[in-house]
Each structure stands twice: as C-alpha cells, then as structure tokens.
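*Asks:* Before I ask anything, here is the structure I am working with.
The values are calculated or read from the model by the stated rules, or taken from the named source; none is laboratory data. All figures in this text were calculated on a predicted structure; none of them were measured in a lab. Methodologically, a virtual Cβ is constructed for each residue, glycine included, from the backbone with ideal geometry; neighbour enumeration extends over all protein chains shown.
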C-alpha cells in the first residue's frame with residue numbers, strides 16, 4: 001500500500017480547492033480524520049448489560065437514528081436548542097414519545113440534553129443535517145428503510161446463498177428503485193453524499209495528472225467525477241449510468257462543459273476510448289460472474305493506454321475487525337454482491353484480461369485498485 005495522502009495531489013488539491021465549492025467539504029473531511037468524534041463513557045449508574053446483549057440490540061440504536069433522520073430533527077436544531085414539545089409540533093409527532101426518542105439519542109451522544117426537555121445537536125449528530133458537507137441523512141434513511149427490511153431476512157441468505165431483497169420486496173434492488181420514487185431519491189442522495197466524502201479522499205491519494213478523459217461507470221448523479229474535474233481542469237469526463245439516477249447533480253461552471261451524462265447499461269457496453277474507467281461502489285454490488293462482464297466491457301472500450309480504477313473496501317485476510325466484513329453481509333442480502341480480499345480482486349481482474357498495477361489506500365475506508373490491460 002502507498003501513503004494515504006500523496007504529497008503532490010495533496011498540495012494540488014489544497015491549492016485548487018480553496019477557489020471552489022470543494023473547500024468546505026475538504027476541510028470537513030480533514031477535521032474529521034485528524035480530530036475524530038469521540039463519545040464519552042456511559043454515565044449510567046447501573047451496570048451495563050453483557051456486551052453481547054448490547055451488540056444484539058444494536059438495531060434499537062440504528063432505528064432511533066433513522067427516525068431522527070426521517071423526521072429532520074437535526075435540521076430543526078441547526079440554529080440552537082429546542083424543547084421536545086416544539087420539535088414534536090414541527091414534526092407532527094407525539095410529544096411524550098418524541099421526548100423519549102431524543103433522550104435515548106442524547107444518552108449515546110447523537111444529541112445533547114441541555115436542561116429538562118430541551119435538546120441540542122452534538123458534533124456526532126451534525127451529519128444528520130440535510131445540506132452540509134458530509135451529510136449522512138439520506139443514507140441513514142435508506143439504511144433504516146430498505147436495508148433494514150432486507151437484513152431482517154439475513155437467515156434466508158445464509159441458508160440459501162441467495163439475496164433476500166427479492167423476497168422482502170417482490171423484485172430486485174434496482175428494479176425496486178426504478179418503481180419507487182421516494183426510496184430511489186433517498187438512495188441516490190445517499191450515494192451522492194458518500195461519493196462526495198470519498199471524492200476528496202481519492203484526489204488526496206491519487207494523481208490524475210495526464211488523464212485527459214474519464215468515464216465514471218455507474219456514477220449516479222456524478223458527484224465523484226465532478227470533484228475530480230473541478231481539481232483537474234485539463235480533464236473531461238462522462239457519467240455513465242441508468243438515466244433515472246442522474247438527478248440534479250450540481251455541476252459548476254468550470255466543469256459543466258467538460259462533464260456529460262450518458263444513459264446506458266454497463267452490462268451491455270460503456271462509452272469508448274477513455275483514459276480511465278472509474279468504478280466506485282459498483283463491483284461489490286455484483287457476483288463474480290456479473291462483475292467480470294462489467295470489467296470486460298471496460299477493458300474492451302478503453303483507450304490504448306487506458307486503466308480501470310476500482311474504488312472499494314478490501315477485506316483483510318488477517319483475523320482482525322474490519323467494517324468490510326460487516327458490509328459484506330449487507331451486500332449478500334441486498335443484491336448478491338460481496339466485498340473482496342486483495343487476492344480476490346486480482347483474480348476478478350485477471351478474468352477480465354486486466355492486471356493490478358497498484359492498490360492505493362485513502363483517508364476513507366475504500367482503496368483505489370488500479371488495473372491495466374494484460
């Protein structure tokens with residue numbers, strides 16, 4: 001692995017970002033990584049239940065956070081503390097019940113109980129706001145709804161090896177999103193927000209100099225590619241995805257003429273003759289066979305000296321804790337995808353007539369897997 005921040009890209013990004021809308025987002029990322037949020041120890045005078053019991057009831061917490069996100073509590077607290085009664089009126093909720101929710105969230109540091117029934121937003125809970133750099137509200141909503149329901153059927157996936165989203169919702173994930181506007185909106189906004197967070201980690205670690213054209217395969221609303229183009233004015237790009245994912249991406253004046261949106265299906269083909277093909281959070285959605293089809297299409301389409309850049313988590317082979325191992329369960333139930341080890345990525349790319357040249361770690365959990373034709 002190489003350094004998480006490459007010096008030349010880092011200096012370039014800092015210099016260029018100060019003149020763009022990326023500056024506040026970049027500052028947010030660096031502050032979060034340098035001064036991470038730490039929650040204080042429990043002040044509960046009663047002994048905690050067994051650790052395993054706490055882990056088994058973790059969904060109580062995740063659903064409480066989801067409800068706060070759905071009701072927009074963080075947005076309502078943006079300008080300062082409010083009483084639970086005022087928040088209940090604003091969200092059309094039952095006041096005593098909402099107070100209990102807010103009290104519970106305060107006990108884990110998502111909110112702060114100021115006095116009596118007044119609550120304020122903590123730094124930990126700040127990303128639940130809608131329109132801030134690093135917003136997690138949309139992804140928390142989609143996790144609390146479609147992911148939560150699918151995960152409730154995890155036993156079926158483990159016993160059969162099949163994704164259970166179809167069983168829970170009557171169709172596969174991407175067809176469901178095409179048929180349900182509200183769910184698709186939360187999903188696409190959530191993916192855009194995560195792509196925005198990842199984009200800064202990517203440009204700090206990887207040097208895009210010399211790359212004149214990029215295709216963002218499965219790029220959704222185009223946030224990742226837009227950030228790259230913002231900081232590399234000599235580069236142009238194409239966001240390639242199903243047309244219903246494009247949404248209302250914010251392209252700046254400096255990138256609007258260099259970024260186009262093309263609708264299509266990456267299982268059929270991808271735009272041709274680009275220097276680089278980005279696949280951010282795409283390959284882990286699919287089984288090996290399906291993933292190889294996507295990679296082969298990129299291999300067939302790329303320019304003579306082209307490359308593939310896969311942005312994914314890498315499952316460590318060591319017997320250590322890793323979020324990638326938990327995320328892998330989510331991919332199993334949602335669409336039959338998977339997280340992969342380094343050797344599994346090597347094998348997957350080899351099957352598509354590509355070879356790994358390097359793996360670059362970033363400030364985010366994802367790494368950049370660079371591959372070129374064999």
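*Asks:* Conditions first: (1) more than 30 Å from residue 181 (Cβ to Cβ); (2) surrounded by 16 or more Cβ atoms within 10 Å (Cβ to Cβ). Residue 114 passes all but one, so which condition is the exception?
*Replies:* Only one criterion is unmet by residue 114, namely (2).
*Asks:* So which helices (runs of 4 or more DSSP H) are wholly in region 189-302 and hold at least 2 residues that are under 27 Å from residue 130 (Cβ atoms) and at pLDDT below 95?
*Replies:* 223-231, 253-256
*Asks:* Right, something else. Filter region 330-358 down to the residues that are under 14 Å from residue 314 (Cα atoms), touching a residue at least 60 places away in the same chain (Cβ under 8 Å) and in a helix (DSSP H, G or I) and list them by number.
*Replies:* Scanning region 330-358 gives a single hit, 348.
*Asks:* Taking only pairs six or more apart or across chains, which ones have beta-carbon atoms under 7 Å, a first residue in region 199-227 that is outside the structural domain of residue 299 (by TED's automatic domain parsing), and a second residue that is crowded, with 24+ Cβ neighbours inside 10 Å and assigned to a loop (DSSP other than H, G, I, E, B)?
*Replies:* none
*Asks:* Restricting to region 303-314, name every residue that is touching a residue at least 24 places away in the same chain (Cβ under 8 Å), out of contact with any helix residue (DSSP H, G or I) (no Cβ under 6 Å at 6 or more places or on another chain) and assigned to a loop (DSSP other than H, G, I, E, B). If you could, list the steps in order and put the result at the bottom.
*Replies:* Initially, region 303-314 is screened for residues touching a residue at least 24 places away in the same chain (Cβ under 8 Å), giving 303, 305-314.
Of the ones still in play, those that are also out of contact with any helix residue (DSSP H, G or I) (no Cβ under 6 Å at 6 or more places or on another chain) are 303, 305-307, 309, 311.
Of everything in region 303-314, those that are touching a residue at least 24 places away in the same chain (Cβ under 8 Å), out of contact with any helix residue (DSSP H, G or I) (no Cβ under 6 Å at 6 or more places or on another chain) and assigned to a loop (DSSP other than H, G, I, E, B) turn out to be 303, 305, 306.
*Asks:* Are any of the residues in region 308-315 within 20 Å of residue 190 (Cα to Cα) and surrounded by fewer than 20 Cβ atoms within 10 Å (Cβ to Cβ)?
*Replies:* yes
*Asks:* In this structure, does residue 179 turn out to be more than 21 Å from residue 369 (Cβ to Cβ), surrounded by fewer than 23 Cβ atoms within 10 Å (Cβ to Cβ) and touching a residue at least 12 places away in the same chain (Cβ under 8 Å)?
*Replies:* No; evaluated as a whole, the condition is false for this residue.
*Asks:* Name the pairs whose Cβ atoms lie under 7 Å apart, with the first residue in region 1-16 and farther than 15 Å from residue 227 by Cβ and not assigned by TED's automatic domain parsing to the domain that holds residue 207, the second outside any strand (DSSP E or B) and at pLDDT below 65, and 6 or more positions between them or separate chains?
*Replies:* none
*Asks:* So for region 120-134 (the condition being closer than 30 Å to residue 286 by Cβ, outside the structural domain of residue 195 (by TED's automatic domain parsing) and touching a helix residue (DSSP H, G or I) at 6+ places or on another chain (Cβ under 6 Å)), does at least one residue qualify?
*Replies:* The answer is yes, given that some residue of region 120-134 is closer than 30 Å to residue 286 by Cβ, outside the structural domain of residue 195 (by TED's automatic domain parsing) and touching a helix residue (DSSP H, G or I) at 6+ places or on another chain (Cβ under 6 Å).
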